[in-house]
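Q: The structure follows.
Nothing in this text is a laboratory measurement; each read-out follows from the coordinates by a stated rule. Treat the numbers as computed from the prediction; the structure is a model and nothing was measured. Methodologically, a virtual Cβ is constructed for each residue, glycine included, from the backbone with ideal geometry; neighbour enumeration extends over all protein chains shown.
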Amino acid sequence: MPNTQQAMRRRNLSLVLHAVAAHGPLSRASVAARVGLTRAAVSTLVDELIRDGLLVELGPSRPGTVGRPGSALQLNERGPAGIGAEIGVDHLAVCAVDLGGRVRARTEVASANRDRTVGPALARLAELVRQVAAEAVREGLRPAGLAVAVPGLVARDSSLVVRAPNLGWEGVDVGPALRAALPGLPLTVDNEANLGALAELWRGGHDPAPRDFVHVSAEIGIGAAVVLDGRLLRGTHGFAGELGHVPVRPEGPACACGGRGCLEQYAGEEAVLRASGLSPEQAAAQHPGPGGRIALLAERAADGDRRVRRALDGAGEALGIALAGAVNLLDPRTVVLGGALTPLAPWLLPALERELALRVADPARSGQGAVTVSRLGSDGPLLGAAHSVVQAVLDDPAGLREAAAVTGSGA
């Protein structure tokens, strides 16, 4: 019975915190009405969340509420912070977000991580993590954990990068180097497409938020993630969503995965550059910095460069072929085009939607309007990483206090 009561209390703390996060500022009475608990029970839970620094009480609640006005509750802007990090092929990035989802600190640096020795890359990222965490502390926040997005396969519930072909990494455990940056705090590592999809679910700005979608994104490779009924589909080993290695033309060129004619060979960044008559090195020199090659393609397409537009049309066609299979198999509400693909959406979408219209079994689900373009763009994986830490706090606020007790950091 005590364990059952404790589990119920944990769940109720989360219900109250989620209610304020979604609808605040709210009075205690309004919270009680939303979560279906008595006012007395909610008041006790609220007091606990205030003591733990998760909620703050403002002045009287908004006018128009029923009964005597009470103090309004909102998330503490000087409470826990989620630290998110991203390892890209050409950059490293770190940010801190507060409980309300606002980015409070951020840094990004160009970094040629492809085939780079792992140790220096992780050491540099750890340095950036410490820098952003220190900035968050100066803002009055306290880091609650670190989540890291990587462009590769990550073993489920671990920090082991099984294979990241576009980095040249295989069997790399990023945990030891990065745990040292924020000792004692939880660390999670996940595929960048998964975290981009979660960012779309939590912070995509859709009304209502989609709960069933395929999220496809790209850097040098193509990644995808599937969200069904508001939950990320991970697969048995955590490798679900490898859309980039779906063959779209089986007789096509060899791929690093060992297959032939994979989507990545037609819609990946380097494939599009080659089809546009540009080498990756030329493109980087013409438009340096993170995301520069994609920016160059977008600029040339906007200027009417026919070769670039043909390359993007071919990439959109290949995307449509691969995504049609995913749509027929999973029946999602929509496909979300995210990550580095978003600046190229105007030139990818016509062919992509044309292929969906030809290939999707349900004609009402295909063609124009079948694909949504993410508002988060290339920030999706980084924001998804940071927000995953915040989401863990909202889902189990009691766990934050327990972790603080273990590390001796205080609530």
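Q: Please quote Rg/Rh for the range 206-374 to two decimal places, taking the Kirkwood radius as Rh and restricting both calculations to Cα atoms.
A: Checking Rg against Rh, the ratio lands at 0.96.
Q: Roughly how big is the chain's charge dipole about its Cα centre, with Cβ charges of +1 (Lys, Arg) and -1 (Asp, Glu), in debye to the nearest 20?
A: Roughly 900 debye for the chain.
Q: Okay, moving on. Which whole-number percent of Cα pairs in the chain have a distance greater than 28 Å?
A: For the chain, the fraction of Cα-Cα distances above 28 Å is 51 percent.
Q: Taking the Cα centre as origin and putting +1 on Lys and Arg beta-carbons and -1 on Asp and Glu beta-carbons, what dipole magnitude results for the range 67-179, to the nearest 20 debye?
A: 360
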